[in-house]
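The structure appears right after this line, and notes come after that.
The values are calculated or read from the model by the stated rules, or taken from the named source; none is laboratory data. Everything numeric in this text was worked out from a predicted model, so none of it was measured. Cβ placement follows ideal geometry from the backbone for every residue including glycine, while neighbour counts extend to all protein chains displayed. Quick note on the areas: whole protein, heavy atoms, side chains included, nothing else; ligands and nucleic acids left out. Shrake-Rupley method; radii C 1.70, N 1.55, O 1.52, S 1.80 Å.
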Amino acid sequence: LLSRATVDAGANIHQVFVANTEYLHQISLIQTLEDLSAWLTGVLHYFLNYTFDYPTIKHSDVVYKCIDYIKQNYDRKITLDDIAVYVSLSRSYLSKLFKDETGYSLFSYINHVRIEKSKQLLLDDTISLVDVAGLCGFEDQSYFTKVFKENTGMTPIEYRKTQL
């Protein structure tokens, strides 16, 4: 939850994942309740400091605004022009800025948000795959399946089967 909140706040997802990997290793070495308490305090401080370390995110206001726009509109067609107008930047500058600050291209991030939302919908087996694709902003099921597999390593049907 901490790492997700940190990423949602604009932190570099790759750095957060590296920290998570290290923390998973560290937790396996903890043997006492006191050590666990101290370790958890350190982890909490790391994520809080990283979340509010604005110098590492030079254009945090623009990045946050883009992320918010994407999360509010993932279920419809989103273009680079839409986001550029929303944040009042040129398309090319916005594209470079977002990639530099987050490590994601805008389209990769849009697809990431859509795939995360689709995973939630796939837990309900009464919703067809066509409907899941449409509810998540994909214009057709085959493209949805392709992007889903690229991001998760499995098709939406395989994912649904493993979760139910």
Residue pairs within 9 Å by beta carbon, gap of at least six or interchain, first lying in region 56-80 and closer than 11 Å to C136 by Cα and of a type in the set (K, R), second open to solvent by 60 Å² or more (accessible area, probe 1.4 Å) and at pLDDT below 85, listed first then second, are K71/D8
Looking across region 83-128 at residues that are open to solvent by 50 Å² or more (accessible area, probe 1.4 Å) and of a type in the set (V, I, T), the single one that is farthest from I67 (Cα to Cα) is T126
Note on I67: of the conditions (1) part of a helix (DSSP H, G or I); (2) modelled with pLDDT under 85, unmet is (2)
When (1) at pLDDT 80 or above; (2) surrounded by 14 or more Cβ atoms within 10 Å (Cβ to Cβ) are applied to S3, the one that fails is (1)
query = Out of curiosity, is I115 outside any loop (DSSP other than H, G, I, E, B) and of a type in the set (V, I, T)?
reply = yes
Out of (1) modelled with pLDDT under 70; (2) open to solvent by 70 Å² or more (accessible area, probe 1.4 Å); (3) closer than 27 Å to I83 by Cα, the one T51 does not meet is (2)
Filtering region 129-162 for residues that are more than 26 Å from I67 (Cβ to Cβ) and in contact (Cβ under 8 Å) with a residue 24 or more places away in the chain leaves a count of 3
Over region 135-164, the set of residues buried (at least 16 other Cβ atoms within 10 Å of the Cβ), part of a helix (DSSP H, G or I) and either small (G, A, S) or in contact with a Pro (Cβ under 9 Å, 6 or more places away or on another chain) (or both) is Q141, F144, T145, F148
